[in-house]
Every structure is written in C-alpha cells, then in structure tokens.
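*Asks:* What follows is a single structure, and I will ask about it in a moment.
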Amino acid sequence: MSPNSWVIEMAAHKSRLQVQPQQRILSPHPHALGNDAFVRSPDAPAGNPVFEDIGTILSVLKASGLLPIYEQVSSFEVGPPTRTNEFYSFFVRGVVHALTIFNIYSLMTPNGAKLFISLRETDNVNQWIELLLCILTYTLTVFVCARNTKCIIQIMNEILKLDQEVLRQFGVALSNNCNFSIKFLLLIAACQAYIIFIRIHVLDGVITPTTYILIGFYAIQNGLTATYIVFASALLRIVCIRFQFVNRLLNGYSYSQLLGKSRRQLQSHMESFPEDSLFIYRTHNRLLRIYKSINECCSLIIVCFLGYSFYTVTTNWYNLFVQITNNKGVISSHIMQWCLAWLCLHTSLLTLLSRSCGATTNEANITSQILARVYGKSKEFQNIIDKFLTKSIKQEVQFTAYGFFAIDNSTLFKIFSAVTTYLVILIQFKQLEDSKLEEQLQDTS
C-alpha cells in the first residue's frame, strides 16, 4: 500500500467528520494520556521544551564544536548557524585535530610514557592501545559531527514540528523527562576530574607542560565523547516519549477501553477514529524517519565508542586481577580508585545507551500490537486498521551499531558476557605465562 492511497482514503473519511482538527482541544480519552510527559499546560511559556530539557548538554556540545551553533527562528524551528558561528566551529575542530596529532606524537616520547607506566603493572601496550582508541573515538566523533551538521538540525526541526502539531490538535505540550542528562554530565565531569587527580598525584619527578597537556586533552576527549553518547540517548528518549503518545492515543480505541459502553456511545466514540488514525499514521511514520536519522547520524560514533568501552572495561578488570594475584590479595588504593572510576563511567554510559535504545525500539514496535486490539466493528474502520497493521508489521524497527548488531536492553548483558569470556582467556594465558616462568627459574637454579 502506498502512502498516497492511504491519504486519499483517509481524506474521504475525514470529510464526513463535523469536528475540525483545530477545534479538538483534548483527546477523546484523556485518561489514556495520563503520563507525566503529556501533562504540560498549553498555556506554558513560549520556550522550547526540547531545549529546556537538554539545554545544558546542547551548550557543551556547541561550545566544543560537536554540534552547530544553530539560530532559533521560533519556538518550533531552528535555523542553520551564521557564518561567524560556522567559523567558530571550524576553528575549534581545527584546534582539536592539531592537538590530536600532537598527542599521538607525544605518546611516542618519554613524556607520554608516564601516562601508562604509573598505574599499570600489566602489559603497557594495553594502556597504549586504550589511549589510541580514545583518540580515534573522539577524532571520529568530530569528523562525523561535522559531516552531519545539517542532519542534526533537520532532526531537531522534525521533532519541533511534530510537537507543534500535537499542541495545535490536542492541546498537549509534550515534555521529555531528559533531566538525566544533567546527572550524567556531572558524573562524567566528576570521574574525569578524579582520574586526572589520581594520575597527577602518582606521577614521579618533574611534570612537564607537555604531560599536563597530554593528560588534560585525554580527559577532554573522554568527557566529550561520553557527553555525545548522553546526547544521543537524550534524543532517543525524546523520540520514545512521542512514540508513547501515539501508542496511548491509539490504545484509547482498543477493546479494553471500550468495554461497557453502549452502542450509541461506541458510535459517537468512533467518529474521531478516522481523523486520529490519519494523525497516528503520519506521526508514526515521521517518528520512524527521525529514529532512522538518529541512527544514521550516531551509529558510527556508537560502534566505535562501544569498542573503546569494551576494551577499557576488560583491561581494567584484568588489571585488578593481576594486581590482586601479584600482591597476594593486597591492592594499591590508587589503582583500585583508578579502575573503579573507569568502570563506573563506562558501565553507566553503556547502561544508559542500552536502555534508551531498547525503550525507543520497544515503543516503535508495540504499535502493531496495539493495532491488533483496536475496536473496528464496521467494515470501513476495519479496512483502516488492516492497512495500517499491514504496514506496521512489515516495518522492522531496530537501532543498530552501524549495522553490525542491534542495540537494545540485552546489549549490556552481551557486552559483559563477552568481557567475562575474554577475562577468562586472558587469565588462563597469564597463569600459563607464570607457570612457564617458574619452570625456567627452577631449571636455572
């Protein structure tokens, strides 16, 4: 079924309605929209609720050059950045790339060696690889963000236009429940500051300015990459709220909501169904396009970040094991705090990303299940449901890491299962290495 045939048929139903969309202030089922995300007053200030919820994280990313410094045309529209703002973003990216080249060069010098020798008794190559993965992830994030400037602005405008239509047709101003972004920004800042403190505290000898630059920029790279992951999770949360609104509106026409009503009440109730069906169909398709656009903009960054996080979590757990076994159960407090800070940061981000992707994917896919429960006694209503249901069933919705694998609620479990597997392999190699070393010592003695 093509979208045009749907619109033509739905327009015929809509023309028979006496109530115009502009006159409908509330949904016919207010109780079905009983959610904190749907109860903002339509008389609220003209500020943009999307920017109110994630304003802080947007400011950080715009200042760092990862997002364009867009112009706010109105409460429901943003425009492209001015030439001055474009020049600022270009300048920041240039400085970032220059520092990246400087840091890669510094890793080959004795100053860079201080970064991974001080807190590692394991193979120093592991920490060196971890540093390179961090630099690669952040550099890739900068490149991808520069390439997707127009796409990000388009995503924001699509969300704002959808909010404007919901406010005009139903009198509901959607909020987003994205206050978690502030908490994660504080967590990222606290973890990176503490890691810097531990790093500088344990360094021996005179600390050169080059070492300070290397340590500071390394922390900035980690912090901004993590911040972008929080931003992607916030966008997914915003889309999830809008999928919830569509599903709750559609659920108002399900059998469970219509039990106990008389025939006249059912007839009166279903008069709004063609109009709401048209709105739900269009909104659901728009949300799917936004969801796909977010995936296309962020998937390459996410797959690189997942690889970096997997390596970091694995090496830190392995470092703890080596420290405990080599020192007979006694471990340095600095190493313990260092590893726990990294594990706390990456585990929190992986959990946030997995839950955001899983919740949004679930809300996008649950629409077809709700459609199957929609009351459609008359033939014309049943035709609408059947066509909408056929289209929904054929659409497979999932958020992927650049097409390699789907990211959902099970991703965190899969990552830690893989970490456990690799830890067992590394521990076995470590034990084999120790046994061979003991045999050599016995032979020489």
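*Asks:* Go ahead and run the numbers for FRET between Ala406 and Asp443, Cβ-Cβ distance against an R0 of 56 Å, rounding to 0.05.
*Replies:* 0.60
*Asks:* Another question about this same structure. Among all lysine pairs in region 302-424 that are eight or more places apart or on different chains, how many have alpha carbons less than 29 angstrom apart?
*Replies:* Lysine pairs, 8 or more places apart or on different chains, close enough: 7.
*Asks:* Which values of log₁₀ I(q)/I(0), to two decimal places, follow from the Debye formula for region 267-307 at q = 0.18, 0.20, 0.26, 0.28 Å⁻¹ with a uniform point scatterer at every Cα?
*Replies:* Those come out to -0.61, -0.67, -0.82, -0.86, one per q.
*Asks:* For Glu271 and Met336, compute 0.36 nm times the residue count separating them, minus their Cα-Cα distance, and round to one decimal in nm.
*Replies:* That pair, Glu271 and Met336, stretches by 16.9 nm at full extension.
*Asks:* Sort 222-228, 197-203 for me by packing, meaning the mean count of neighbouring Cβ atoms within 10 Å per residue, highest on top.
*Replies:* So the order, starting with the most tightly packed, is 222-228, 197-203.
*Asks:* State the answer as a single residue: which of Phe245, His201, Val230 lies farthest towards the positive end of the charge dipole of region 201-287, with beta carbon charges of +1 for Lys and Arg and -1 for Asp and Glu, about the Cα centre.
*Replies:* Phe245
*Asks:* Report the paramagnetic label zone for Lys436: residues of region 324-362 whose backbone N is under 20 Å from a point 7 Å from Cα along the Cα-to-Cβ axis.
*Replies:* 326
Bear in mind these aren't lab numbers, they're just calculated from the coordinates by the rules spelled out. Predicted, not measured: the structure shown is a model, and the values here were computed from it. FYI the Cβ positions are ideal-geometry reconstructions off the backbone, even for glycines, and counts take in every protein chain you see.
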